[in-house]
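Read the structure below first, then the notes.
The values are calculated or read from the model by the stated rules, or taken from the named source; none is laboratory data. It should be emphasised that the depicted structure is a prediction, and the values quoted were computed from it without experimental measurement. Note that each Cβ is placed from the backbone with ideal geometry, even for glycine, and that neighbours are counted across all protein chains shown.
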Amino acid sequence: MKFGVLVFPGSNCDHDTHNVLARELSAPVTYLWHASNDLEGCDAILVPGGFAYGDYLRTGAIARFAPIMQSVAKFAASGGLVLGICNGFQILCESGLLPGALMRNRGQRYICKQVHLRTECADSPFTHTTPRGTVLQMPIGHMEGNYFCDDATLIALHHQDRIAFRYSTAAGDVTPAANPNGSLENIAGILSEGRNVLGLMPHPDRSSESLLGSSDGLRLFQSLAESLATA
């Protein structure tokens, strides 16, 4: 089992993600440079948060053309596990690995705070240890976290049970007031059709140790590791 963490110019959560895997899970992990096309035999790829290429043009718009992303696309198409966090979610949408887009937050302001999200789908390599309805606490830190997709995509997400997380209250109620950025139907994370790609805006990498205020995010990494171990 080996994890790969992508590094783009402007990535700033690559070390956070690497730390969770190496220190909390004691798993083999390596950094993968954006200009390379070699995934170095990794069994799962993580696309971390930050501001890849400075978020010029729009978030993820330049990163999608990086050589490493061409390899990630092939890896995902073959069933490889890919997790995109915050800017990583944006990059996965721009790359076509996930549907929809992340737009400017409602209110046009950068948001950095703790939020709650309710697990909507436990049928995935990333969430199979977290029962549906489980409420997790994680931080967000983004300007473009407002998830949007067209009606046909939304219908498919519903019918195929691919909405992984929704913003909620601490009690698990999905309400407009619990939606920090205006995301469609409070969507905080979604899965690909093959269920092997997950993108979410909240940061499990920043909530994997109690010292950080919450260790709820560790559950996603543990689930991913268990899925690889039993594959």
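Collect the residues in region 35-50 that are buried (at least 19 other Cβ atoms within 10 Å of the Cβ), out of contact with any Lys or Arg (no Cβ under 7 Å at 6 or more places or on another chain) and not β-branched (Val, Ile, Thr), keeping them in residue-number order. Please lay out each step first, then the result.
Restricting attention to region 35-50, the residues satisfying the condition of being buried (at least 19 other Cβ atoms within 10 Å of the Cβ) are 39, 42-50.
From the residues that got through so far, the ones that are out of contact with any Lys or Arg (no Cβ under 7 Å at 6 or more places or on another chain) too are 39, 44-50.
Those that are buried (at least 19 other Cβ atoms within 10 Å of the Cβ), out of contact with any Lys or Arg (no Cβ under 7 Å at 6 or more places or on another chain) and not β-branched (Val, Ile, Thr): 39, 44, 46, 48, 49, 50.
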Quiz item: Of all residues in region 118-134, which are farther than 16 Å from residue 158 by Cα, in contact with a strand residue (DSSP E or B) (Cβ under 7 Å, 6 or more places away or on another chain) and either in contact (Cβ under 8 Å) with a residue 60 or more places away in the chain or buried (at least 21 other Cβ atoms within 10 Å of the Cβ) (or both)?
Solution: 125, 126, 127, 130
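I'd like to check which strands (runs of 3 or more DSSP E) are fully inside region 158-213 and have at least 1 residues that are at negative phi and modelled with pLDDT under 95. Break it down into steps so the answer makes sense when it comes.
Values: elements: 163-168, 187-191, 197-200.
Filter on region 158-213 gives an empty set.
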Exercise. Search region 135-153 for residues being surrounded by fewer than 21 Cβ atoms within 10 Å (Cβ to Cβ) and among the polar types (S, T, N, Q), and hand back the single one that is nearest to the chain's Cα centre (by Cα).
Key: 137
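Has region 215-223 got any residue that is assigned to a loop (DSSP other than H, G, I, E, B), at positive phi and not basic (Lys, Arg)?
Within region 215-223, the first condition is being assigned to a loop (DSSP other than H, G, I, E, B), and the residues that meet it are 215-217.
This time we only want the ones that are at positive phi, so: none.
No.
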Quiz item: Name the pairs: first residue in region 144-168 and of a type in the set (D, E, K, R), second residue assigned to a helix (DSSP H, G or I) and surrounded by 19 or more Cβ atoms within 10 Å (Cβ to Cβ), Cβ to Cβ under 8 Å, at least 6 apart or on different chains?
Solution: 144/90; 166/186
Exercise. Please indicate, with yes or no, whether at least one residue in region 122-144 is touching a Pro at 6+ places or on another chain (Cβ under 7 Å), at pLDDT 95 or above and in a loop (DSSP other than H, G, I, E, B).
Key: yes
Quiz item: Where in region 1-107 are there strands (runs of 3 or more DSSP E), lying wholly inside it, with at least 1 residues that are of a type in the set (D, E, K, R) and touching an Asp or Glu at 6+ places or on another chain (Cβ under 8 Å)?
Solution: none
